[in-house]
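Have a look at the structure below, then the notes.
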Amino acid sequence: MQKILFITTSNLTTNPRLLKEVNLAVASGVAPTVVCFDFDNWTTSIEEELRTSLTGVKFSAITATRKAFRNWALATGLQLMYRKLNHKLPHSLKMRAQASDKRSYLLEQKLKNLDTDFDLIVSHNLGALYPAYAFAKKSNIPFAFDIEDYHPGETVAVDAVNEVERRESLLKNILPKAFYVSYASPLIGEFSLALVPEVQEHNHFLVNNSFPLGEFQRPLTKNVADKISFVWFSQNIAAGRGLELVVPVLYRYKDKVQLTLIGNLVPSFYEGFLKMFDDLIQYRNPLTQQALHLELAKFDSGLAVEISNRDLNKDIASSNKIFAYAQAGLYIMATDTSAQKHFINQNSSLGVSFPQSEEGFEIALQELLAQKEEVLATKQQRFEAGKSLAWEHESSKLLAAWKSV
């Protein structure tokens with residue numbers, strides 16, 4: 001039986017791509033071990049449920065909070081020290097990794113006590129890249145990396161110039177040594193290969209953020225006289241995610257529409273913004289991935305409102321939600337980030353993209369309301385079309401790579 005070690009700086013609940021890969025491994029007769037983190041937050045109960053459901057998966061978890069104070073303090077201290085020494089130790093990948101993400105140190109320490117009986121190591125998230133590479137090199141095991149986000153293009157709040165350079169350095173020096181590199185959108189692939197052209201000489205491929213067919217059910221039929229039901233979901237219902245752009249517009253049409261937000265509601269965002277729209281919005285607590293996808297069948301339209309000017313990564317990333325909406329048969333209303341515009345252009349029957357402004361959204365909303373009967377009548381067609389995007393097609397690329405080890 002093939003054995004794969006998965007390494008992440010997060011957990012299954014907050015890393016859907018990792019969860020899909022672990023499920024794929026179990027279904028394919030691969031024995032997975034997952035090194036991940038435990039958080040004392042909204043993910044705890046969902047994470048426990050997920051891990052319990054994954055028969056045959058070994059977990060080696062690291063406490064990410066101050067409850068493990070010694071490790072937390074040491075990791076924090078090393079991160080601060082290495083940031084100050086940034087220019088004095090420019091060639092140390094270990095230093096750069098730990099300056100970039102203190103969980104890199106915690107992962108390295110955990111891996112020191114792990115068996116080396118693996119056929120492949122797969123790392124998720126940038127903070128896991130160096131620990132996976134170092135462990136693979138020491139143990140003579142091939143390793144792979146999944147580029148879920150273009151990390152040099154993300155907004156950086158602290159030590160920004162040096163941090164972007166550190167991220168680029170880690171990718172440039174380590175990715176050419178990977179057994180394979182996967183990436184989460186066509187544009188993330190383009191930017192990553194432009195930064196590290198050596199990867200083109202190795203195995204690299206796109207793995208879209210789609211989901212298994214069995215996680216979705218046919219959308220419910222709707223009376224044309226009912227309000228159009230919109231849904232938006234994320235791990236956190238928070239500021240800066242595009243809701244500020246669409247909620248005021250939907251509120252002006254509250255006699256014709258309703259909105260459900262699914263996720264961990266951040267109190268400050270509710271008090272400072274959402275509270276004034278209470279008679280428009282229904283709130284749902286975070287759901288497991290499968291429960292969420294089944295829930296989507298109740299809605300008519302999904303909001304994919306990413307904002308380009310937040311950072312380059314937001315502009316070129318294909319979100320989980322746009323694939324979930326498509327596979328659930330919802331009519332997608334997506335802001336025109338480069339990645340989402342590309343997706344809608346490739347799947348024009350599934351929805352529309354609109355400019356990133358209240359005015360742009362209102363025009364798109366008015367057009368949707370004008371063709372409400374047709375949008376509701378074509379739910380089943382969209383659901384069938386969404387099947388072509390399913391994880392079953394994407395996962396075959398991973399299986400081929402795993403089997404070639």
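The values are calculated or read from the model by the stated rules, or taken from the named source; none is laboratory data. All figures in this text were calculated on a predicted structure; none of them were measured in a lab. Don't worry about glycine lacking a Cβ; one is built from the backbone with ideal geometry, like all the others, and counts go over all protein chains shown. Protein only, heavy atoms only, side chains kept; ligands, DNA and RNA dropped before computing areas. Shrake-Rupley method; radii C 1.70, N 1.55, O 1.52, S 1.80 Å.
Of all residues in region 333-347, those satisfying the criterion of being crowded, with 24+ Cβ neighbours inside 10 Å and of a type in the set (V, I, T) are T335, T337. Restricted to region 297-313, and to residues there that are touching a Gly at 6+ places or on another chain (Cβ under 7 Å) and assigned to a helix (DSSP H, G or I), the residue that is least open to solvent (accessible area, probe 1.4 Å) is N313. Restricting S192, S182, S169 to residues that are in contact (Cβ under 8 Å) with a residue 24 or more places away in the chain and either within 16 Å of R17 (Cα to Cα) or not in a helix (DSSP H, G or I) (or both) narrows the list to S182. Specify the residue that is nearest to N71 (Cα to Cα); the eligible residues are those in region 1-21 that are assigned to a loop (DSSP other than H, G, I, E, B) and of a type in the set (S, T, N, Q). The qualifying residue nearest to N71 (Cα to Cα) is T9.
Restricting region 74-94 to residues that are under 18 Å from P152 (Cβ atoms) and under 29 Å from the mean Cα position of the chain (by Cα) leaves a set whose member that is least open to solvent (accessible area, probe 1.4 Å) is L93.
The set of residues in region 135-173 being closer than 23 Å to D119 by Cα and more than 22 Å from the chain's Cα centre (by Cα) consists of F135, A136, K137, K138, S139, N140, I141, P142, N173. I need a count of the residues in region 22-73 that are open to solvent by 50 Å² or more (accessible area, probe 1.4 Å), closer than 16 Å to Y105 by Cβ and assigned to a strand (DSSP E or B). So the answer is 1. Scan region 254-290 for residues that are within 30 Å of S53 (Cβ to Cβ), open to solvent by less than 80 Å² (accessible area, probe 1.4 Å) and assigned to a helix (DSSP H, G or I) and jot them down. Q289 - this is the single residue of region 254-290 that is within 30 Å of S53 (Cβ to Cβ), open to solvent by less than 80 Å² (accessible area, probe 1.4 Å) and assigned to a helix (DSSP H, G or I). Among the residues of region 157-182, those that are open to solvent by less than 30 Å² (accessible area, probe 1.4 Å) and within 17 Å of K102 (Cβ to Cβ) comprise E163, R166, L170.
Residue pairs whose Cβ atoms lie under 8 Å apart, separated by 6 or more positions or on different chains, with the first residue in region 113-132 and farther than 27 Å from I188 by Cα and of a type in the set (A, V, I, L, M) and the second open to solvent by less than 10 Å² (accessible area, probe 1.4 Å) and not in a loop (DSSP other than H, G, I, E, B), are L114/L5; L114/V35.
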